[in-house]
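The values are calculated or read from the model by the stated rules, or taken from the named source; none is laboratory data. No experiment lies behind these values; they were computed from the predicted model shown. FYI the Cβ positions are ideal-geometry reconstructions off the backbone, even for glycines, and counts take in every protein chain you see.
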Amino acid sequence: MKAGIDFPSLFVSDNFASRRTTGHNLHDPDSLITGAEIEAGFTYINSTREWNDQAHYLNACLCNLTSEEIAHTAPRIFISTLQRSLFVMTAYDHEEAA
């Protein structure tokens with residue numbers, strides 16, 4: 001399951017300023033990328049994390065999982081151009097609804 005596609009991402013309208021002024025201190029686990037993942041060809045643009053379910057994702061956002069646990073239990077997967085387009089459209093839909 002992918003955040004932003006299968007369930008809402010908590011970071012659609014997130015930015016540095018909002019984190020510092022609103023007390024929004026959640027961890028964005030999709031921003032985590034390991035050296036091994038980079039070596040395997042993964043980037044922030046061509047991949048996403050595969051979550052077991054929304055609860056798994058929320059546990060990572062709430063810092064209940066270490067970086068190592070996130071990398072192990074939610075491995076990066078390549079996304080196709082079509083999936084990337086759906087991801088962007090879904091992000092805009094969530095922004096407009098907010």
Item to complete: Look at S9 and say whether it is among the small types (G, A, S) and either at pLDDT below 85 or touching a Lys or Arg at 6+ places or on another chain (Cβ under 6 Å) (or both).
Response: yes
Worksheet item: Is it true that some residue in segment 33-47 is over 18 Å from C63 (Cα atoms), acidic (D, E), at pLDDT 75 or above and touching a helix residue (DSSP H, G or I) at 6+ places or on another chain (Cβ under 8 Å)?
Response: yes
Discussion item. For segment 33-48, which positions are closer than 20 Å to F11 by Cα and exposed (fewer than 14 other Cβ atoms within 10 Å of the Cβ)?
Written reply: T43, Y44, I45
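Please state which one of S80, S85, S67 is out of contact with any strand residue (DSSP E or B) (no Cβ under 7 Å at 6 or more places or on another chain) and modelled with pLDDT of 90 or more.
On the way: S80 fails: modelled with pLDDT of 90 or more; S85 fails: modelled with pLDDT of 90 or more.
From the options S80, S85, S67, the qualifying one is S67.
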Worksheet item: Taking the condition surrounded by fewer than 16 Cβ atoms within 10 Å (Cβ to Cβ) and within 13 Å of K2 (Cβ to Cβ), does N52 pass?
Response: yes
Worksheet item: Among (1) surrounded by fewer than 16 Cβ atoms within 10 Å (Cβ to Cβ); (2) touching a helix residue (DSSP H, G or I) at 6+ places or on another chain (Cβ under 9 Å); (3) at pLDDT 75 or above, which single condition is H24 missing?
Response: (3)
Discussion item. Conditions first: (1) within 22 Å of S80 (Cα to Cα); (2) at pLDDT 90 or above; (3) small (G, A, S). A60 passes all but one, so which condition is the exception?
Written reply: (1)
